[in-house]
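The values are calculated or read from the model by the stated rules, or taken from the named source; none is laboratory data. As the structure is a prediction and not an experimental result, all values here were calculated from the model. Quick reminder, even Gly has a Cβ in these numbers, built from the backbone with ideal geometry, and neighbours come from all protein chains shown.
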Amino acid sequence: MRLLAFAASMRKESLNHKLVALACEIARREGADVDLARFSEFAMPVYDGDVDRASGLPAGALELKRRVEAAHAILLAAPEYNYSIAGPLKNALDWVSRARPMPWRGRSVYLLAASPSPMGGVRGLWQTRIPLEGCGALVFPDMFALAHASEAFDADGRLRDPALAARLDREIAAFVRLAEAVAPFCCTGAATRETKARQEQIVPALEEESEVQPPSR
Ligand SMILES: Cc1cc2nc3c(=O)[nH]c(=O)nc-3n(C[C@H](O)[C@H](O)[C@H](O)COP(=O)(O)O)c2cc1C
């Protein structure tokens, strides 16, 4: 079970990166092989349809596409900007959505957010689900939004609140189990001999969502 994990923040001291790093530890303990990336590895210009048409995806978007495709599931910590999805993440999703086959299709995604605010960024997570689901991702129903995140970590980067730490443990363990269970049916490249026929029935239906945004080329 291969997981890609990243926080959609360029900040070196990103609270979202701290949170996703904790989630990675849990996922590794649950047996997942985790690729923890920095969003700066996926730096890319603002989407431009002319550039897309002339030269396709820029290097940062190609790298994100490659890393998504190499994974069965994704842990994504998404900062909330102005009550919604952060622009840099939406831009990255838009670029990667121009690739075919749709890289996100059939991949399980777990969403987290960390914010100094009392809401923890949960409003942004609801907005983040929409483009991901539009791209055919299987977004886990529950999400983890860490409120007052500037004070939530101890010096070792652990959550100070044991109840929250236990909830994160439970959620990530459940996500890893579910992602592992669905990957052979939904995730291209993960089919087994037993699940291939089922995958051929399921994947075209997931693809229908991505027909809403056909590439212009
Ligand atoms: C442009 C901008 C808008 C923001 N809007 C919100 C917001 O609506 N809700 C919220 O909880 N935090 C908001 N914040 C605060 C971020 O949650 C905070 O900066 C957080 O630390 C960003 O994540 P990071 O630490 O991973 O970079 C905003 C920050 C910026 C830069």
Could you give me the residue pairs with C-beta distances under 9 Å whose first residue belongs to the range 11-26 and is free of Cβ contacts under 8 Å to residues at least 60 places away in the same chain and of a type in the set (Lys, Arg), whose second residue is in a helix (DSSP H, G or I) and surrounded by fewer than 19 Cβ atoms within 10 Å (Cβ to Cβ) wherever it lies, and which are 6+ apart or on separate chains? Lys12/Ser40
For the structure I just gave you, tell me whether Met1 is touching a helix residue (DSSP H, G or I) at 6+ places or on another chain (Cβ under 7 Å) and at pLDDT below 95. yes
Scan the range 126-177 for residues that are of a type in the set (D, E, K, R), within 30 Å of Asn91 (Cβ to Cβ) and either loosely packed, with under 13 Cβ neighbours inside 10 Å or touching a His at 6+ places or on another chain (Cβ under 7 Å) (or both) and report the count. 1
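Here are some residues: Arg177, Arg198. Which one is more than 18 Å from the chain's Cα centre (by Cα) and farther than 18 Å from Leu15 by Cβ?
Criteria check complete, one pass: Arg198.
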Counting only residues that are buried (at least 17 other Cβ atoms within 10 Å of the Cβ), outside any helix (DSSP H, G or I) and out of contact with any Pro (no Cβ under 9 Å at 6 or more places or on another chain), how many does the range 12-34 have? 3
Right, Ala61: surrounded by 20 or more Cβ atoms within 10 Å (Cβ to Cβ), away from the ligand (no atom under 16 Å from the Cβ) and over 30 Å from Gln201 (Cβ atoms) or not? yes
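Is it true that Arg66 is within 16 Å of the ligand (Cβ to nearest atom) and without any contact (Cβ under 8 Å) to a residue 24 or more places away in the chain? Walk me through how you get there before you give the answer.
On the way: within 16 Å of the ligand (Cβ to nearest atom): no; without any contact (Cβ under 8 Å) to a residue 24 or more places away in the chain: yes.
Criteria not met by Arg66.
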Please indicate, with yes or no, whether at least one residue in the range 106-120 is basic (Lys, Arg) and surrounded by fewer than 20 Cβ atoms within 10 Å (Cβ to Cβ). no
